[in-house]
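Report on one structure; see the data block that follows.
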Amino acid sequence: MHVITGLDMGGAEMMLFKLLSASREYWQSIVVSLKDEGMIGPSIAKLGVPVECLHLRPYSPNPARFLSLFSLTRRFRPQVIQGWMPHGNLAASLTQFTSRIAAPVIWNVRMSLDVVDGEKLTTLGLTRLGAFLSRHPAAIVYNSLTGAKQHEKRGYQSAQSAVISNGFDCDVFRPDEEAHHQICEQLGLETTTILIGLVARLHPAKDHFGFLKAASLVSSIHPESRFLLIGKGMVASDPALNNLISQLNLTGRVLFLGERTDTPLLTAGLDIACSSSAYEGFSNSIGEAMACGVPCVVTDVGDSAYLVEDTGVIVPSRNPKALAHAIIQLIDAGSAKRKELGMAARRRIESEFSLPKVARRYEDLYKQCLACPQ
């Protein structure tokens, strides 16, 4: 049984979907969303995995709906209860306790603690509460080395901790020689346009303002470049972003594409993928770009440097000049060099972060927890 806060488009939600798609031959699963089915729920249901939604509202919780989780647990009688993110982790532990099910509970922690600005107070409170309760789950999974060290420093402990990185479907995210032309045609651009993309939701952690400042410096030297903003909240109506774009003389050079379902095509069509994050755990968008054979420029936060290694360029965070210099460096290197780096990046994903390998690590952890007396 997987218990998750919600199923909107996001890194944790997509990793759950990918894990289910890669392990359904070995495990019979059910997913419980504390909120609703979001954008990911229907895709999970298509895998043949039941999705139960509690429709809890953060500001007017209904305890009766939460009680339905206990009866669902007794009916399904899971061998393993896997929580996802602070709310899902604590709900998983509470479910085990109130339902009196002997199944081991595993927490999945998927955030870094570098900076807490911009996080909801309830999330921060639950993170602190999690440290107090962390000795009770059978295991805690972290999706980044950075996140594991930070949480353990804050008092998180468990009989067993494991770092299991995000996994990437190399059949979905793969090189596509035609993608660049297709995207340029869709956007009304010349095929010689250099496409530089940032796939990230609108959040202070992603430092979109820093990316735009870097874009201004890049466009002054390479006016043929265009900057694609892809993700939740990336809409042209955002006043703060629009004001900055106007101030930086980037009007017409920045394209807002919003939340898209054709991310594999968009990613494969980029010349350069960026992560300008001020803080990060483990970047899904960069791993997906690497799987597509796209060279990346990333800030040195979380596990980004570990992920990219020598297949891209790593720069300090909150430093638009350094970010711009790295992007210019890859543009000036030419398409052949970028392709060489991109293919090295894909090989790294295939060897270390492919979805089957990551799913196997989860399965091994489940079996270990089942073998240990609770």
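For this structure, a couple of remarks:
- Local electrostatic count at Arg201 - Lys and Arg +1, Asp and Glu -1, tallied over other residues with Cβ under 13 Å: -3
- Taking N as its residue count, the alpha carbon Rg of the range 120-212 over 2.2 N^0.38 Å: 1.65
- Set of lysines near Lys357 by C-alpha distance (under 22 Å), chain-local residues within fewer than 8 positions excluded: Lys18, Lys367
- Interatomic Cα distance distribution for the range 28-106, bins of 10 angstrom, percent: 18, 54, 27, 1
- When peptides 73-79, 102-108, 267-273 are ranked by their average number of other Cβ atoms within 10 Å per residue, the highest-first order is 267-273, 102-108, 73-79.
- In a DSSP loop and with at most 14 other Cβ atoms within 10 Å, the GluC sites (Glu not before Pro) in the range 1-79 are Glu25.
- For the chain, the fraction of C-alpha pairs farther apart than 38 angstrom is 20 percent.
- Loop-resident trypsin sites (Lys or Arg not before Pro) (DSSP state other than H, G, I, E or B) in the range 139-246 with no more than 14 further Cβ atoms inside 10 Å of their Cβ: Arg154.
- Ligands, DNA and RNA are left out, and with a 1.4 angstrom probe the accessible area of the chain is 45 Å² per residue.
- Rounded to the nearest 20 debye, the dipole size of the range 119-262 about its Cα centre is 1040 debye, using +1 on the Cβ of Lys and Arg and -1 on the Cβ of Asp and Glu.
- Alpha-carbon centroids, the range 23-51 and the range 318-374: separation in whole Å: 26
The values are calculated or read from the model by the stated rules, or taken from the named source; none is laboratory data. Here the structure is a predicted model, which is why all the values come from computation and not from measurement. Heads up, the Cβs are rebuilt from the backbone with ideal geometry, glycines too, and the neighbour counts pull from every protein chain shown. Surface areas here come from the heavy atoms of the whole protein model, side chains and all, with no ligands, DNA or RNA. Shrake-Rupley method; radii C 1.70, N 1.55, O 1.52, S 1.80 Å.
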